[in-house]
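Colleague: Got a structure here, written out as structure tokens. Questions coming.
A short reminder: the numbers here are calculations on the coordinates, not readings from a lab. Because the structure is predicted, anything quoted here is derived from the model rather than measured. Here the Cβ is made from the backbone with ideal geometry for all residues, glycine too, and neighbour counts use every protein chain on show.
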Amino acid sequence: MNVLIIGGGGRENAIADAIARSKRNPTLFAVMAKKNPGIAALCEDFLLVKETDVEKVVGYAKEKGIEMVFIGPEAPLAVGLADAFEDAGIGAVGPRKDVARIEFDKAWARNFMKDNDIEGCPAFKVFSDKEGLQEYIEELGSVAIKPAGLTGGKGVKVMGDQLPDTGAAYDYAVSLLEGDNVVVEENLVGEEFTVQAFVDGKNLAFTPCVQDHKRAFENDLGPNTGGMGSYSDSDGLLPFVTIDDLYRAREIMKATITALGATETPFKGMLYGQFILTKNGPKVIEFNARFGDPEAMNVLPLLKTDMIDVMAAVVKGTLDELDVEFLKRATVCKYAVPAGYPDEPSKDKEVVVGDIGDALLFYSSVYEKDGKVYTTGSRAVAVVGVASSITDAEKIAQNALENITGDLHFRRDIGTPELVQRRVTHMEQIRG
Ligand code: GLY
């Protein structure tokens with residue numbers, strides 16, 4: 001079977017790796033903007049083109065006799081790539097534009113939750129102009145300000161963090177209004193965690209929970225990034241997430257898929273729930289319509305069920321007939337990013353991967369030229385440690401990072417016992 005992967009990041013390298021492990025002997029093809037050496041090495045052939053160029057991408061798929069496709073990033077979903085594949089008779093893991101909207105239109109997503117009485121929705125209002133904006137920010141007191149459209153996770157600002165006071169929140173919201181609608185919502189206090197699920201239109205197959213780390217520097221300092229690294233635990237929970245918290249988060253995701261199922265377009269692909277665990281339980285920060293990056297790199301190496309079977313079940317709507325299972329192992333994923341990332345990243349610098357021991361390696365925003373690998377300015381390579389505990393997985397990942405050289409930066413603290421304990425203590429304080 002010929003299978004196509006769309007996208008050239010670390011997430012897509014992990015997806016490609018899971019497909020390549022299949023016992024169904026798929027032949028893998030890829031479409032990516034730049035040559036990711038990790039993905040290229042797994043493929044029979046690849047096309048270097050913008051993933052949002054629907055005509056070229058679908059044309060390539062037809063030419064190569066592709067039967068199933070996995071769409072990794074959000075941008076092609078937002079331009080209707082899944083629609084174009086389905087309309088061409090090619091099964092897509094990745095939702096059609098009508099329902100992928102849950103990610104690329106944050107205003108629509110919040111209104112959808114509210115209209116369908118889905119739990120975990122914070123107080124919010126959507127603004128298209130300044131009318132009532134100041135009053136609502138003052139009413140909530142502490143707010144998060146979100147542009148409605150896609151920003152690669154970097155457009156959200158919250159008070160007490162990037163916004164010192166309500167005046168700064170107002171000014172930021174006004175600056176966003178020039179290009180987009182703005183969502184103003186209550187600023188929730190707690191610990192964030194990610195729950196991801198394969199979805200076939202009605203059934204969800206959940207992956208283990210993950211905690212990502214958005215800030216560029218250790219101790220959660222510095223600017224927000226796409227995610228510097230993440231960990232997961234062997235029991236599928238996290239040290240600060242109880243089974244009850246997880247079930248509540250899953251119920252929210254199931255209710256969302258049920259409500260989407262009442263629309264004309266079934267959601268087929270990945271649903272990513274970004275939750276914050278508050279003293280009143282899990283609340284939704286946002287939904288995404290794809291795997292997380294780095295979170296995909298935590299869970300996909302643990303997938304025991306054949307990835308081609310999972311993809312086929314998503315496409316056919318038969319996930320309820322398949323046990324989607326994961327190894328009971330802990331993982332720590334750490335990204336090496338260009339020095340200066342995200343604000344002033346160094347670019348076009350060589351990355352040399354030495355002996356990474358037992359760690360897994362996933363290439364991300366790099367390109368290959370004359371057999372050498374160079375940075376582009378975004379997250380470069382990720383390593384993943386897999387072990388029986390988070391502590392041991394962290395050591396494997398950190399040792400690997402020490403043997404990757406270049407003009408690079410990484411966070412040592414992700415997955416260390418000190419950091420994990422801080423999360424647990426924080427959550428204990430919040431729960432009272
Ligand atoms: N790691 C955050 C995201 O993929 O949206």
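Colleague: Which far-off residues, 5 or more places away or on another chain, put their amide H under 5 Å from the one on residue 163, with H placed in the peptide plane?
Modeller: Under 5 Å from the amide H of residue 163 lie the amide H atoms of 158, each far enough along the sequence or on another chain.
Colleague: Please report, to one decimal in angstroms, the Kirkwood hydrodynamic radius of the chain built from all distinct Cα-Cα pairs. Each step should come with its number before you reach the end.
Modeller: Details: mean 1/r = 0.0458 Å⁻¹.
That comes to 21.8 Å for the chain.
Colleague: Something else now. I'd like the projected area of the range 1-121, averaged over all directions, using the convex hull of its alpha carbons. Report it in nm² with one decimal. Display every interim value, and only then the final one.
Modeller: Numbers: hull surface 32.9 nm².
Orientation-averaged projected area of the Cα hull: 8.2 nm².
Colleague: Any idea how far apart residue 56 and residue 259 come out in nm if each label point goes 7 Å out from Cα toward Cβ?
Modeller: 3.8 nm
Colleague: Now for a separate question. What residues have an amide H closer than 5 Å to that of residue 192, excluding those fewer than 5 places away on the same chain, when H is modeled at 1.01 Å from N in the peptide plane?
Modeller: The list, which skips near neighbours in sequence, is 277.
Colleague: Ok, one more. Which links in 50/328; 56/369; 56/146; 279/316; 146/279 stretch past 31 Å when you go from one Cα to the other?
Modeller: Working: 50/328 37 Å; 56/369 23 Å; 56/146 33 Å; 279/316 39 Å; 146/279 23 Å.
Violating the 31 Å Cα-Cα cut-off are 50/328; 56/146; 279/316.
Colleague: For residue 116 and residue 174 in the same chain, what is the full-extension length gain: residue separation times 0.36 nm, less their Cα-Cα distance, in nm?
Modeller: Here the segment from residue 116 to residue 174 would lengthen by 18.0 nm.
Colleague: Using 0.36 nm per residue of separation minus the Cα-Cα distance, give me the extension gain between residue 392 and residue 220 in nm, one decimal. Write down the numbers at each step before the final one.
Modeller: Values: separation 172, 0.36 × 172 = 61.92 nm, distance 2.17 nm.
Contour length minus Cα-Cα distance gives 59.8 nm.
Colleague: For 142, 364, 175, which order do you get if you count the other beta carbons within 10 Å of each Cβ and list the fewest first? List each step's numbers first, then the result.
Modeller: Working: 142 16, 364 27, 175 12.
So the residues, fewest neighbours to most, are 175, 142, 364.
Colleague: Can you find, among 409, 91, 356, the residue sitting farthest towards the positive end of the charge dipole of the chain, where Lys and Arg contribute +1 and Asp and Glu -1 at Cβ?
Modeller: Among 409, 91, 356, the one farthest towards the positive end of the dipole of the chain is 356.
Colleague: Can you give me the distance in nm between label points at residue 425 and residue 328, each placed 7 Å from the Cα along the Cα-to-Cβ direction?
Modeller: 3.0 nm
Colleague: Modelled label-to-label distance, residue 41 and residue 280, 7 Å Cα→beta-carbon offset: nm?
Modeller: Each label point is offset 7 Å from its Cα along the Cβ direction, giving 4.9 nm.
Colleague: When ranked by the protection proxy of mean other Cβ atoms within 10 Å per residue, highest first, what sequence do the peptides 232-244, 212-224, 287-299 form?
Modeller: Descending mean neighbour count gives 287-299, 232-244, 212-224.
Colleague: Okay, moving on. To make sure I understand, if each residue's beta carbon is the centre and we count other beta carbons within 10 Å, what order do 396, 430 fall in, fewest to most?
Modeller: So the residues, fewest neighbours to most, are 430, 396.
Colleague: Right, here's the next one. Here are some pairs, 34/349; 283/395; 35/347; which of them have Cα atoms lying more than 23 Å apart in this structure?
Modeller: On the way: 34/349 15 Å; 283/395 32 Å; 35/347 16 Å.
Long pairs (Cα-Cα over 23 Å): 283/395.
Colleague: Additional query: How do 230, 365 line up, fewest other C-beta atoms within 10 Å first?
Modeller: Details: 230 28, 365 23.
Fewest-to-most Cβ neighbours within 10 Å comes out as 365, 230.
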